[in-house]
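> Below is a structure I'd like to ask you about.
The values are calculated or read from the model by the stated rules, or taken from the named source; none is laboratory data. The structure presented is a predicted model; accordingly, all values stated were derived computationally and were not measured. As a convention, Cβ positions derive from the backbone with ideal geometry for all residues, glycine included, and neighbour counts pool all protein chains shown.
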């Protein structure tokens, strides 16, 4: 009886993770200071506006145009990133070639490079007098200071999200399924789209969502190449900065709140699709 009491006390008294209470408290405190409080401040600041004032700010012609530019360019950039990010991850995982480690490291460059530096470099390359932009200018295609340039800048900052989301899943993918499909007479295209791609799709979708969300809020690398032409190439984050410079904090947070809600709904949709696919795969 005494031994049973001692065992119960040990099970209740000894914690699996030492210092769990302290670490949990620090984690929650950091989460609150770095994430929850800033997000709450957006709602509080935007709440200073009346409903009619809020609608007036977020539905003005200039703001709606900024939303359209940011969302459309971010969407197309995320699609490009999904395709080329999948191809890049496939090459890095399935092939060995000279300079593979260098290429793998260069994927992280958009994370390490300051966004303003990336924006200046892209503007120089794709302007009408730049190395790449001059070639397209001869064909009558203008890249810098157009939505094409904005999309290219968003592709640059977003592609690491897709590569790093797909790469570990592809590394752990068992090739026996591919070999079994080929032994049963399936072609390479059929094997990829019916065997490999369904396994990669949740990770690919997550990378797409992260790249899209990054593109929506991207400022530094886009503002230079965009040209900031009102109602044409003016992005929503620039409008937020403009409102802040004019000390219109409530207007700035109202614009930011719409972007926040759009990003949240996107990530909620992606998580719902992933959850559905996980349940479907178990059946």
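> Just to confirm my filter: which helices (runs of 4 or more DSSP H) fall fully inside segment 206-283 and include at least 1 residues that are surrounded by 13 or more Cβ atoms within 10 Å (Cβ to Cβ) and without any contact (Cβ under 8 Å) to a residue 24 or more places away in the chain?
In segment 206-283, 236-245, 249-282 are the helices (runs of 4 or more DSSP H) which contain 1 or more residues that are surrounded by 13 or more Cβ atoms within 10 Å (Cβ to Cβ) and without any contact (Cβ under 8 Å) to a residue 24 or more places away in the chain.
> Against the definition (buried (at least 21 other Cβ atoms within 10 Å of the Cβ) and part of a helix (DSSP H, G or I)), how does residue 156 come out, yes or no?
yes
> I would also like to ask the following. Could you please find all residues in segment 91-108 being out of contact with any helix residue (DSSP H, G or I) (no Cβ under 7 Å at 6 or more places or on another chain) and either buried (at least 16 other Cβ atoms within 10 Å of the Cβ) or not in a helix (DSSP H, G or I) (or both)?
Listed by number, the residues that qualify are 95, 96, 97, 98, 99.
> Would you check which residues across segment 180-200 are surrounded by 12 or more Cβ atoms within 10 Å (Cβ to Cβ) and over 20 Å from residue 167 (Cα atoms) and list them?
180, 181, 182, 186, 190
> Which one of these is crowded, with 16+ Cβ neighbours inside 10 Å, touching a helix residue (DSSP H, G or I) at 6+ places or on another chain (Cβ under 8 Å) and either modelled with pLDDT of 90 or more or in a helix (DSSP H, G or I) (or both): 161, 111?
Only one candidate passes the filter, namely 161.
> Select, from 271, 228, the only residue that is within 23 Å of residue 64 (Cβ to Cβ) and at pLDDT below 90.
228
> OK, next. Might you let me know whether segment 19-26 holds any residue that is modelled with pLDDT of 80 or more and surrounded by 10 or more Cβ atoms within 10 Å (Cβ to Cβ)?
Looking for residues that are modelled with pLDDT of 80 or more and surrounded by 10 or more Cβ atoms within 10 Å (Cβ to Cβ), one finds at least one in segment 19-26, hence yes.
> While we're here: Select, from 89, 74, the only residue that is within 30 Å of residue 178 (Cα to Cα) and modelled with pLDDT of 80 or more.
It is 89.
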